[in-house]
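The values are calculated or read from the model by the stated rules, or taken from the named source; none is laboratory data. Bear in mind that the values here come from a model prediction, so they are computed numbers and not experimental data. When we count neighbours, we look across all protein chains shown, and the Cβ atoms used for this are built from the backbone with ideal geometry, even at glycine.
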Amino acid sequence: MSKTVAFHTLGCKLNYSETSTLSRSLEAEGFVKKDFEDAADVYVINTCSVTDNADKECRMLVRRIQRRAPDAMVVITGCYAQLKPEEIAKIEGVDLVLGAAEKFNLAAHLKEISKGPADGGGAKICSCDIEDVAGFNSSYSLSDRTRTFLKVQDGCDYNCSFCTIPLARGHSRSDSIEGVLNNMRELSGTGTKEIVLTGINLGDFGKGYDGGKTKETTFYDLVQEMDKEEGIDRIRISSIEPNLLTNEIIEFVAQSRRFMPHFHIPLQSGSDKILGLMRRRYRRDLYAERVAYIKQLMPHCCIGVDVIVGFPGETDDDFKETFDFLHDLDISYLHVFTYSERDNTLAADMKPVVPVHIRNERNKALRNLSYQKMQYFTAQHQGSRRNVLFEYAPKNGMVEGYSDNYVKVQTMYNADILNKVIEWEL
């Protein structure tokens with residue numbers, strides 16, 4: 001009788017793409033996939049290090065599994081598993097902890113382990129020093145035929161003072177261009193209409209499996225080659241650092257057949273003082289230049305922004321500088337993050353600490369600004385005709401879709417428009 005397996009993903013779209021690939025690898029080994037809320041023989045939780053309550057989420061999920069299926073095997077992997085394997089191994093009910101180098105060897109590990117603590121002293125840990133993690137594992141999500149998140153890059157060589165991702169993911173490394181194109185061709189055969197390119201530091205694409213440049217390949221080279229491929233209608237760039245978003249990339253997207261007029265560009269702060277403390281590799285003037293050039297070539301382009309509030313040392317004046325900078329920028333929406341301390345980061349020891357209630361107030365102020373920005377951006381395009389890709393999943397008799405420039409559209413359910421790119425009046 002086939003074993004059953006259920007997955008749960010915490011965190012980013014990159015994690016979702018990896019979970020989807022892990023799921024397919026186990027199904028190829030004969031496992032039957034189950035919903036996470038159902039009883040299963042094996043549960044796999046792919047964790048995140050960005051959320052400040054990763055340990056709480058992990059413990060809560062393990063307790064739910066124990067109540068539902070006390071004899072099930074529980075495997076924890078992902079960024080949190082790489083950063084704090086011993087902590088996770090002590091959680092009652094966890095059987096196996098897989099670090100970054102072992103995540104994609106999940107099927108082999110499941111063949112070698114049985115339910116129960118290893119040597120009576122907690123879960124079995126399969127991990128190594130992050131400096132020893134090499135190689136690139138391709139992955140993509142495939143939950144429906146409309147859109148997929150395709151991982152083309154992993155790891156990061158930047159050392160922002162607030163971030164644990166380099167400690168959890170290792171050095172920057174990439175797929176080959178041919179590997180990406182092969183994945184595109186596979187996805188085309190599944191009926192996928194849109195690819196979202198994902199990575200930890202996407203603009204750093206080109207570094208080889210060992211973290212070094214194996215040849216002079218860049219992200220610009222990748223987008224040029226992807227644009228030539230038939231079979232996939234739309235490609236989006238999920239997130240790219242402003243210092244790596246070159247004018248030639250912007251110019252290429254502006255005239256591309258497949259790349260959508262939509263950029264997501266992390267800012268983190270509109271204060272040069274705070275950007276310096278964060279160890280970011282640009283200042284606000286460069287960011288403003290990138291936005292201005294995008295809008296010069298593509299006035300209709302959607303631009304999303306990541307920003308962190310409450311970083312140590314952020315005064316009221318610093319926050320006002322960020323708020324005013326974002327208010328005046330021609331952007332479309334914000335992803336707002338409240339700063340939280342991370343072990344083994346430089347920022348964890350920085351002073352003065354911003355009180356949590358002030359961090360929360362600043363978060364709310366920027367979320368309100370984001371709402372206003374998106375309302376304004378949407379209103380600018382009301383009545384215009386743009387290409388919309390409609391999703392498969394109906395909600396309350398309605399279907400949703402997104403225009404090429406990321407304006408959400410809702411209409412009555414109609415099977416004839418699902419998973420199709422249709423010119424539509426916004």
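Tabulated data for the structure shown
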quantity	calculated
Matching residues, the stretch 269-282, being buried (at least 17 other Cβ atoms within 10 Å of the Cβ) and not aliphatic (A, V, I, L, M)	S269, G270, S271, R280, Y282
Given (1) farther than 23 Å from P261 by Cα; (2) free of Cβ contacts under 8 Å to residues at least 12 places away in the same chain, index of the condition P394 fails	(2)
P266 vs. criteria assigned by TED's automatic domain parsing to the domain that holds E361, in a strand (DSSP E or B) and surrounded by 15 or more Cβ atoms within 10 Å (Cβ to Cβ)	yes
Any chance R279 is at positive phi and not assigned by TED's automatic domain parsing to the domain that holds D233	yes
Qualifying residue in the stretch 311-318 (condition: assigned to a loop (DSSP other than H, G, I, E, B), assigned by TED's automatic domain parsing to the domain that holds G155 and β-branched (V, I, T))	no
Residue, nearest to R258 (Cα to Cα), within the stretch 154-185, restricted to residues that are out of contact with any helix residue (DSSP H, G or I) (no Cβ under 8 Å at 6 or more places or on another chain) and surrounded by fewer than 16 Cβ atoms within 10 Å (Cβ to Cβ)	R185
Which listed residue is more than 22 Å from R257 (Cβ to Cβ) and in a strand (DSSP E or B), from V388, V399	V399
Flag for E241 being under 22 Å from N405 (Cβ atoms), within 22 Å of the chain's Cα centre (by Cα) and acidic (D, E)	yes
Those strands (runs of 3 or more DSSP E) lying entirely in the stretch 1-57 with at least 1 residues charged (D, E, K, R) and either at pLDDT below 90 or surrounded by fewer than 17 Cβ atoms within 10 Å (Cβ to Cβ) (or both)	32-34
Every residue from the stretch 387-423 that is surrounded by 19 or more Cβ atoms within 10 Å (Cβ to Cβ) and farther than 21 Å from G191 by Cβ	N405, Y406, V407
Criterion violated by D285 - all others in (1) without any contact (Cβ under 8 Å) to a residue 40 or more places away in the chain; (2) not in a helix (DSSP H, G or I) satisfied	(2)
For S23: the one exception among (1) in contact (Cβ under 8 Å) with a residue 40 or more places away in the chain; (2) of a type in the set (G, A, S); (3) in contact with a strand residue (DSSP E or B) (Cβ under 6 Å, 6 or more places away or on another chain)	(1)
Conditions (1) at pLDDT 80 or above; (2) assigned to a loop (DSSP other than H, G, I, E, B); number of the one not met by S114	(1)
F259 vs. criteria buried (at least 19 other Cβ atoms within 10 Å of the Cβ) and either touching a residue at least 24 places away in the same chain (Cβ under 8 Å) or assigned by TED's automatic domain parsing to the domain that holds N159 (or both)	yes
Unmet criterion (only one of (1) charged (D, E, K, R); (2) surrounded by fewer than 16 Cβ atoms within 10 Å (Cβ to Cβ); (3) in a helix (DSSP H, G or I); (4) in contact with a helix residue (DSSP H, G or I) (Cβ under 6 Å, 6 or more places away or on another chain)) for E341	(3)
Residue that is nearest to the chain's Cα centre (by Cα), among those in the stretch 288-322 that are crowded, with 22+ Cβ neighbours inside 10 Å and in contact (Cβ under 8 Å) with a residue 60 or more places away in the chain	I308
